[in-house]
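Asks: Before I ask anything, let me first share the structure, which is written out below as structure tokens.
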Amino acid sequence: MWMDLAIKAGLAVVMMLIVINIAGIHSWVERKQSAVIQDRWGANRAGFTLNSPLWRWLNPLLRPIIYLGLFQPIADLLKLVAKENWSPVGGMKWLHAVAPFLYLLFAFAGFAAIPFGDTLHVAGRDIALQVASLNVGFVFIFAMAGLGVYGIVLSGVSSNNNYAFLGAVRGVSQMISYEVTLGATVIGIVMVYGSLDMQEIVRGQGALLWGWLPKWGVFVQPLGCILFFTAALAETKRIPFDLPEGESEIIGYFTEYSGTKFGMFLLADFVETVMVAALTTTLFFGGWQFPYLQASGFVFPWGAEVAVGHYAVVAIQVVSFLVKVIAFCWLLMTIRWTLPRFRYDQLMDLGWKRMLPVSLANIALTGLVILLIEAL
Amino acid sequence: MAEHLFFLYFAVAALGCGAAMVTRSNLLHAALWMLAFFVHMAGIFLLLNAEFIAALQVMVYAGAILILYLFVIMLLDVRELAKVRQRHASATVASLIAGVMGAILVVTLARGTFAGTHGSATAALLASQGNVESVAGVLFTTYLLPFEVASLILLVAMVGAILLAKRRL
Amino acid sequence: MPKLTIDGREVEVAPGTTLIEAARRLAIHIPHYCYHRGLSIAGNCRMCLVEVEGVPKMMIACHTQAADGMVVHTDNDKCREYRAAILEFILVNHPLDCPVCDQAGECKLQNYYMEHGTAGSRVDEDKVKKRAKAKQIGPNIMLDSERCILCSRCVRFTDEITHTHELGITERADHSEITLAPGAWLDNRYAGCVVDLCPVGALTDRDFRFKCRVWYLTAVDSICTGCARGCNITIHVNRDRPHKAGGTRVMRYKPRENPAVNQWWMCDAGRYSYKQIDHERVDSAAVDGRPVAVEQALDASAAALKRAAAAVAVLCATTATNEELFLARALFAGALGGHAAYLAPPQGEQDDLLLLADQSPNTRGAQEILGTEVRDPVGWVKAHGVKAVVVVGEADLTGLKAEVDHLTVIATHPGKAAAQAHVLLPGSVHAEVEGTFTNHAGRVQRLRVAVPPIRGAVETWRLLLELAGRLGHPFDFAFEDDIFAALASQLAPFAGLSHDNLGRRGALLGSGAPQPTEVV
Amino acid sequence: MEAVARKPGTVTPAGGVKRGPLTFWERVYVVEAARGVWITTVHFFRNMGYHFLHLVGLAKGRQAAVTVQYPEERRYLPPRSRTRHRIVRRDDGSPRCVGCMMCETICPARCIYIVAEEDPDPNIEKRPKRFDIDLGMCVFCGFCVEACPEDAIRMDTQMVDLAAYSRRGMILTLDQLLAGEPAGPVESINALGERVHG
């Protein structure tokens, strides 16, 4: 019992570290990637040089780090942490402080249900590489995402600022509008793989379609995939869906935040991006599955088999998962630096009048196909 | 043992949150206590192995319904409302009714009319059959009519709301 | 009475009137440099050439007498052509150093050239350089001979007005220049007037030199406080650029024409008296020498005055305005039942032009309003059994503090009065209030606000009003003109006068409401 | 840059472009969004590629970024750019300014503070005792340069990196203004421009 708890705690720590690190590196990637896309250099100034004769030899090593702007996130962090812990005059001080915590907490909580590998057999134990093996994992993730809305509501209401308040109203309406589509698209996946358990869904994607094509969600639910990805993008409230808080142009719900609390909103934003990448990977791109890799090793459709050891298999799975997540993070950023922002009426039109009907039709179509296949 | 401790915590905390919710004069605070209450309710469902219900509890009540309440509260001037005197004459009547209903509830529970842990939806059944399946099975067979009636009521409410909001369609 | 036509308009003038004055009657301005109404006619600048029909030559308007049936044109093409030519001649040797010239901005050469001059000069010979560019010719006067256009106004002024004959013109042709008479030094009492007279920047005031450009200044009509003459002046204030002259607000006094008082002149003593406005002012109230807020000082003063009941008196210096004097009288002699008197003004030198021995501007007003003159304040206080005294302005009060229980002084400058005070209140000088002075001849003349009270100070009349309110006798006066209205209604000599109808020239006591001001 | 096939629009007389109705695939948006993502992706990989090639010393002729690395590289400023002021000296080293206050008068930001005094040379008469320009208030309109009758104030130092730790520090005194140097001859500035812009 205690061992199980310790293992779960260890898994939670691992997951947390993965997410926080990817999210932290995001801030650097976002700067540099956008710079490269836009024919710029990006951050290449922050840093320090050592003047002491004892450590001067390190300077040549520091130079490339400075040049790559890797000190920039640290500088940003130091700046945010060093700033005054300020709360708006006339605002609700306590709620104002709690809002970013709630927002970040629920952004993290969803990761508990995401599997980042198959079962690991070690020292006679079966360790599922998933923090919480919930058989309703996907509903859990949605519940957590739904609670994230409270962070926005509280930040808007407690700021004593009508612009922040309106930003919060925009943010909440946008999130609950797109949650509907988000849920509806996943139902297709649930129908195909017959489970709400994320681990089961991923396992289901290990099968082969017509003997050669991995049965990934994107192949059985292409429409669902696009809809899900779009709706999830809207959930993160980033460009092109950044109407609740549009950095320089639109005043939004966390406009009255500064310092560490602002940093938490920023971090939560990145965590949500990672969440979207992880969910897309898990639901539509095979999660930790690597094409043709079974528990025993590679089994290719043309009959060849390559035996791979258990630990190597698990390692490939974890790496496969991470690579996919990172790739989607990259894609999300690229989209961010590509598309212009929607207008609010366009956003609502898209959510309710386009995507929701299409996703409902997708459910019906999926059901029909499944019935047909079963009938045949 | 641990389960009992958890149950104690969830039960007491849920009651406390509920009490706090109805006594707060600030509507926003009341709504937040309600959120805490929902989360603790979900905890009790979890102890019953009803993970699906727990998740739905949070997703539907906390994530959707309460948010709509909050929307309404946000559009009111919370500070002004907090100043309004909360004790009306009808409060006595209301607490009387609430007391009577509470008494009925306690008496009914004490008499063991409800199946409790001895009912059909046991933890073992949930574990073997799966959470969603057990709920879905009952919902779409035994309770199909009430379920459909409930859907119909919601539909009517929705149409009514739209009609009220948009006079000229 | 000759009747003539100028620019198509008929005018009838007294015999012997010059064309330039006849045109003035019609509000037609004929450009001129050497002509000045207060001086004899020289007719040397030729700027005032006008065309008289039937006369082949152009005539100088300043020296041609009006004749019956004359038809004069002052603004036809020929006149304009002549003016441009004259200006071109005048500018042949003018250095055009306007950037460093203090006259720039109020220079007749600049103004007429902009109005009547040609676009460029056709003379390309070198300009004649004079011996020295800038030369000091008197304690306050600088002469720049290169800028001089030899209008001879300054020479005529020293000959005809002051009769001191310091200046003359020497050399000939384009080497002519203004020169001091051998051994002379332009240091007569009215020397500053030559700067006002000089139409260009040849004569400049050493006191004002380089301090400020004239276009930064705001001109406000006021009255000189140097003596009982009450010369009409304009106060030139630098309001927006405090970095000039170390933050001094008032930059200079200039005489203002009033034929009944000072004509066009003022003495140097009065001219440079502006310096005391911003110099070493009392800028904070004090109780027993300890600086306090004005409100606290007023409270302390009022408490002491209340204790003295009717044994109170006010002693006003004759630098106070009529309004302040009346308010002091109304409060102390009227409402409180005490005494009100004025302090005997200090006496100084006198001459036969403007300067009077009485060195304060409002002695006649104090006579009319307060009536009693006090030469020995200590004796007067003893004689009347006064316990608490309020002194408005500066006076020698030696020994007074010992005779009374309480002494409040409303002072503008630290002096003998301020040093004695139990309660010191920071008051205002004449440039900081609206008001009136009555000059030695009984002419009531307006003062206008040139600057707000210096930081820390309060208008004296407002202090008196506040004191009245604290003593339980509030007056219903919002501004200075309300006080004057009350004054005019209560004192017969002032009857009919008001701030509005005094105009730029003022009005004599007992004359009733003055007629609207004549054509300038 | 990759040429993206774009539906031609008709140019209206007012200079705007009037586009026709969207086709079905454009209305679906997903395809167009994907094309947009493709463009940014191409930019990303092309520039990354050049960055790597530059790292190993190849393809120096092709640029991966168009930005100017400011403190080290200075962007070419046209010779007539209005930059930090300076006061010109006479041959004997004294300021050419005669304290006429024309610049102070014309200055729309009222950022010039001049106090004049008597010059010992009677042929100059006037000189500035104090000549301060508050760069924190200056709008760099150049009116002072236009107004100066002595050509004493110029804005040709090519200095644009003006900063101070306090508002007081933004005020240039006469000595600082006299210390300003004109930028090099126009040829060298142009050479700089060519180096930056290729």
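Asks: Over what distance in Å are the Cα centres of segment A:287-366 and segment A:54-97 separated?
Replies: Between the Cα centre of segment A:287-366 and that of segment A:54-97, the gap is 33 Å.
Asks: Using modelled backbone amide H atoms (1.01 Å from N, in-plane), which distant-in-sequence or interchain residues come within less than 5 Å of C:C316's amide H?
Replies: C:A341, C:Y342, C:L343, C:V392
Asks: Here's a follow-up. Find how much the distance from A:S258 to A:L360 grows on full extension, using 0.36 nm per residue of separation minus their present alpha carbon separation; answer in nm with one decimal. Don't skip to the answer; put the middle values down first.
Replies: Values: separation 102, 0.36 × 102 = 36.72 nm, distance 4.14 nm.
Extra length available between A:S258 and A:L360 comes to 32.6 nm.
Asks: Also, I was wondering about something else. Which value at 222 nm does chain D reach when only helices count, each DSSP H run of 4 or more adding -39,500 (n - 2.57), with the total divided by all residues and rounded to the nearest 500 deg cm²/dmol? Can you show the working numbers first?
Replies: On the way: 6 runs with 59 residues, N = 198.
Calculated from helices alone, the mean residue ellipticity at 222 nm is -8500 deg cm²/dmol.
Asks: Would you kindly work out the equivalent ellipsoid of segment C:3-75 from its C-alpha gyration tensor and give its semi-axes, the square roots of five times the eigenvalues, largest first in whole Å?
Replies: Details: eigenvalues 61, 37, 24 Å².
Computed over segment C:3-75, the values are 18, 14, 11 Å.
Asks: Now, a different point. List the residues whose amide H sits under 5 Å from the amide H of C:A66, counting only those 5 or more places along or on another chain, with H placed 1.01 Å from N in the peptide plane.
Replies: The list, which skips near neighbours in sequence, is C:G16, C:T17, C:T18, C:L19.
Asks: Set the Förster radius R0 to 25 Å, insert the Cβ-Cβ distance between B:L15 and B:I162 as r into 1/(1 + (r/R0)^6), and round the FRET efficiency to 0.05.
Replies: Values: r = 38 Å, r/R0 = 1.51.
That pair, B:L15 with B:I162, gives E of 0.10.
Asks: If you don't mind, another one. Any idea which of C:A341, C:P474, C:V444 is furthest toward the positive side of the dipole for segment C:285-508, if Lys and Arg beta-carbons carry +1 and Asp and Glu beta-carbons -1?
Replies: Looking along the dipole axis, the top candidate is C:P474.
Asks: Still on this structure: Rounded to the nearest Å, what's the spacing between the alpha carbon centres of segment D:83-108 and segment A:174-197? Just the number, please.
Replies: Cα centres, segment D:83-108 to segment A:174-197: 74 Å.
Asks: Over its Cα atoms, what ratio of radius of gyration to 2.2 N^0.38 Å does segment C:170-267 give?
Replies: Numbers: Rg = 15.9 Å, N = 98, 2.2 N^0.38 = 12.6 Å.
Ratio of Rg to 2.2 N^0.38 Å for segment C:170-267: 1.27.
Asks: A follow-up question, please. Just from the alpha-carbon atoms, what are the Rg and Dmax of chain C in angstroms?
Replies: Calculated on Cα positions, Rg and Dmax stand at 26.8, 86 Å.
Asks: State whether segment C:93-205 is rounded, prolate or oblate according to the following rule on the C-alpha gyration tensor (a ≥ b ≥ c being the square roots of its eigenvalues): a/c under 1.5 gives rounded; otherwise a/b larger than b/c gives prolate, and the remaining case gives oblate. Mind dumping the intermediate values first?
Replies: On the way: a/c = 2.01, a/b = 1.56, b/c = 1.29.
In terms of gyration-tensor shape, prolate.
Asks: Can you compute 3J(HN,Hα) from phi for each residue in segment A:197-214, using the Karplus curve 6.51 cos²θ - 1.76 cosθ + 1.60 with θ = phi - 60°, rounded to whole Hz and x for Gly and Pro?
Replies: In residue order, the calculated couplings are 6, 4, 4, 5, 4, 5, 4, x, 7, x, 5, 10, 9, 6, x, 9, 8, x Hz.
Asks: Run the numbers on chain C and let me know its relative contact order in percent, using alpha-carbon pairs under 8 Å that are six or more apart.
Replies: On the way: 1088 pairs, mean separation 53.4, N = 520.
Dividing the mean separation by the residue count of chain C yields 10 percent.
Asks: A follow-up question, please. Would you mind checking the pairs C:K57/C:K129; C:K130/D:K126; C:K130/C:K244 and listing those with alpha carbons more than 26 angstrom apart? If you can, show how the numbers build up before the last one.
Replies: Working: C:K57/C:K129 33 Å; C:K130/D:K126 18 Å; C:K130/C:K244 31 Å.
Checking Cα-Cα distances, C:K57/C:K129; C:K130/C:K244 exceed 26 Å.
Asks: Additional query: For C:G506, what residues show an amide H to amide H distance below 5 Å, using hydrogens built from the backbone and excluding near sequence neighbours?
Replies: Amide H to amide H, under 5 Å and 5 or more residues apart or across chains, C:G506 pairs with C:R446.
Asks: HN-Hα J couplings of segment C:82-98 from phi, Karplus 6.51/-1.76/1.60, θ = phi - 60°, integer Hz, Gly and Pro as x?
Replies: Karplus-based 3J(HN,Hα) across segment C:82-98 equals 5, 4, 4, 5, 4, 4, 4, 5, 4, 7, 3, 10, 6, x, 6, 9, 3 Hz.
Asks: Another question, if that's okay. Can you work out ³J(HN,Hα) from phi for every residue in segment C:5-12, in order, using Karplus 6.51 cos²θ - 1.76 cosθ + 1.60 and θ = phi - 60°, giving whole Hz and x for Gly and Pro?
Replies: 10, 10, 6, x, 10, 8, 8, 10
Asks: By a straight-distance test (C-alpha under 28 Å), which lysines pair with C:K416 as possible cross-link partners, with residues fewer than eight away in the same chain excluded?
Replies: Partners found: C:K275, C:K306, C:K382, C:K387, C:K401.
Asks: What dipole magnitude, in Debye to the nearest 20, does chain C give about its Cα centre under +1 on Lys/Arg Cβ and -1 on Asp/Glu Cβ?
Replies: Working: 56 positive and 63 negative charges, 133 e Å.
That gives chain C a dipole magnitude of about 640 debye.
Asks: Right, another one. With a 1.4 Å probe and all protein chains kept in place, how much accessible area does C:I20 have, in Å² rounded to the nearest 10?
Replies: In the full protein context, C:I20 sits at about 10 Å².
Asks: Given an 8 Å cut-off on Cα distances and at least 6 residues of separation, report the relative contact order of segment A:1-154 as a percent. Don't skip to the end; give the middle numbers.
Replies: Numbers: 136 pairs, mean separation 34.3, N = 154.
Reported as a whole number, the value is 22 percent.
Asks: Would you compute, from DSSP H runs of 4+ residues alone, the mean residue ellipticity of chain C at 222 nm, taking -39500 (n - 2.57) per run and dividing by the full residue count, rounded to the nearest 500?
Replies: -5500 deg cm²/dmol
Asks: Rounded, prolate or oblate: which one fits chain D, using the alpha carbon gyration tensor with axes a ≥ b ≥ c (rounded when a/c is under 1.5, else prolate when a/b beats b/c, else oblate)? Can you show the working numbers first?
Replies: Numbers: a/c = 3.39, a/b = 2.23, b/c = 1.52.
Note, shape of chain D comes out prolate.
Asks: Tell me the net charge near C:V72. Cut-off is 13 Å between Cβ atoms, C:V72 excluded, with +1 for each Lys or Arg and -1 for each Asp or Glu. List each step's numbers first, then the result.
Replies: On the way: positive: C:K3, C:R9, C:R24, C:R25, C:K78; negative: C:D7, C:E10, C:E21, C:E51, C:E53, C:D68, C:D75.
Overall, the nearby charge balance is -2.
Asks: Now, a different point. Let me know the shape class of the protein assembly as shown, please: from the alpha-carbon gyration tensor, a ≥ b ≥ c as square roots of the eigenvalues, rounded when a/c is under 1.5, otherwise prolate if a/b is greater than b/c, or oblate.
Replies: Numbers: a/c = 3.14, a/b = 2.02, b/c = 1.56.
Prolate, since a/c reaches 1.5 and a/b exceeds b/c.
Asks: What does the charge add up to near C:L354, with Lys and Arg as +1, Asp and Glu as -1, over the other residues with Cβ less than 12 Å from its Cβ? Walk me through the numbers before you get to the answer.
Replies: On the way: positive: C:R189, C:R229, C:R271; negative: C:D268, C:E349, C:D351, C:D352.
With Lys, Arg at +1 and Asp, Glu at -1, the net is -1.
Asks: How about segment A:281-354: which trypsin sites (Lys or Arg not before Pro) there lie in a loop by DSSP and see at most 16 other Cβ atoms within 10 Å? Write down the numbers at each step before the final one.
Replies: On the way: sites: A:K324, A:R336, A:R341, A:R343, A:K353, A:R354; in loops: A:R341, A:R343.
Those that pass, being in a loop and sparsely packed, are A:R341, A:R343.
Asks: Here's something else I'd like to know. Just to verify a number: FRET efficiency for C:M114 and C:A357, C-beta to C-beta distance, R0 = 45 Å, to 0.05? Mind showing how you got there, number by number?
Replies: Details: r = 46 Å, r/R0 = 1.02.
Efficiency, rounded to the nearest 0.05: 0.50.
Asks: Now a separate question. Let me know the charge dipole size of chain A about its Cα centre in debye, to the nearest 20, where only the beta-carbon of Lys, Arg (+1) and Asp, Glu (-1) is charged. Don't jump to the answer; show the numbers that get you there.
Replies: Values: 23 positive and 22 negative charges, 179 e Å.
Here the size comes out at about 860 debye.
Asks: Right, next: Over chain A, what percent of the accessible surface lies on carbon and sulfur atoms, probe 1.4 Å? Intermediate results must be reported in sequence, preceding the final value.
Replies: On the way: 11850 of 16550 Å².
Of all accessible area on chain A, carbon and sulfur atoms account for 72 percent.
Asks: Using a cut-off of 21 Å between alpha-carbon atoms, which lysines can reach D:K18, once sequence neighbours fewer than 8 places away in the same chain are excluded?
Replies: The reachable lysines, counting only those whose Cα sits under 21 Å from D:K18, are D:K7.
Asks: Taking K and R as +1 and D and E as -1, what net charge do the other residues with C-beta under 14 Å from the C-beta of A:F265 add up to?
Replies: Around A:F265, the charge tally is -3.
Asks: Largest first, what is the accessible-area ranking of B:Y61, B:Y9, D:Y165, A:Y193 with a 1.4 Å probe? Can you show the working numbers first?
Replies: Values: B:Y61 105, B:Y9 125, D:Y165 245, A:Y193 30 Å².
Ranked from most to least accessible, the order is D:Y165, B:Y9, B:Y61, A:Y193.
Asks: Which value in deg cm²/dmol, rounded to the nearest 500, describes the helix-derived mean residue ellipticity at 222 nm for chain A, given -39,500 (n - 2.57) per DSSP H run of n ≥ 4 and division by the residue count? Could you put the intermediate results ahead of the total?
Replies: Working: 13 runs with 231 residues, N = 376.
Calculated from helices alone, the mean residue ellipticity at 222 nm is -21000 deg cm²/dmol.
Asks: Another question about this same structure. Suppose R0 equals 45 Å; then what is the FRET efficiency for D:T41 and A:L54 from their Cβ-Cβ distance, rounded to the nearest 0.05? Please report the intermediate quantities before stating the final value.
Replies: Values: r = 46 Å, r/R0 = 1.02.
Step by step, r from the Cβ atoms, then E = 0.45.
Asks: Going through the cross-link list C:K135/C:K211; C:K133/D:K129; A:K32/A:K215, which pairs have a Cα-Cα distance over 25 Å in this structure?
Replies: On the way: C:K135/C:K211 18 Å; C:K133/D:K129 21 Å; A:K32/A:K215 35 Å.
Among C:K135/C:K211; C:K133/D:K129; A:K32/A:K215, the Cα-Cα distance tops 25 Å for A:K32/A:K215.
Asks: Another one. Loop only per DSSP, at most 13 neighbouring Cβ atoms within 10 Å: give me the GluC sites (Glu not before Pro) in segment D:36-115, ordered by residue number.
Replies: Details: sites: D:E72, D:E73, D:E104; in loops: D:E72, D:E73.
Taking segment D:36-115 and a limit of 13 other Cβ atoms within 10 Å, the loop GluC sites (Glu not before Pro) found are D:E72, D:E73.
Asks: Here's something else I'd like to know. Loop-only check: which trypsin sites (Lys or Arg not before Pro) in segment C:368-459 are DSSP coil with at most 12 other Cβ within 10 angstrom? Provide the component values of the computation, followed by the final result.
Replies: Details: sites: C:R375, C:K382, C:K387, C:K401, C:K416, C:R443, C:R446, C:R448, C:R455; in loops: C:R375, C:K387, C:R448, C:R455.
Here the trypsin sites (Lys or Arg not before Pro) that fit, given the DSSP loop and packing criteria, are C:R375, C:R455.
Asks: Here is a further query. So, in nm, how far is label B:I97 from label D:L55 when the simple model puts each one 7 Å beyond its Cα toward the Cβ?
Replies: Going from the B:I97 label point to the D:L55 one covers 7.3 nm.
The values are calculated or read from the model by the stated rules, or taken from the named source; none is laboratory data. Given the structure is predicted, the values throughout are model-derived calculations rather than measurements. Note: ideal-geometry Cβ built from the backbone for every residue, glycine included; neighbour counts use all protein chains shown. Just so you know, the surface numbers come from the protein's heavy atoms only, side chains and all, with ligands and any DNA or RNA stripped out. Shrake-Rupley method; radii C 1.70, N 1.55, O 1.52, S 1.80 Å.
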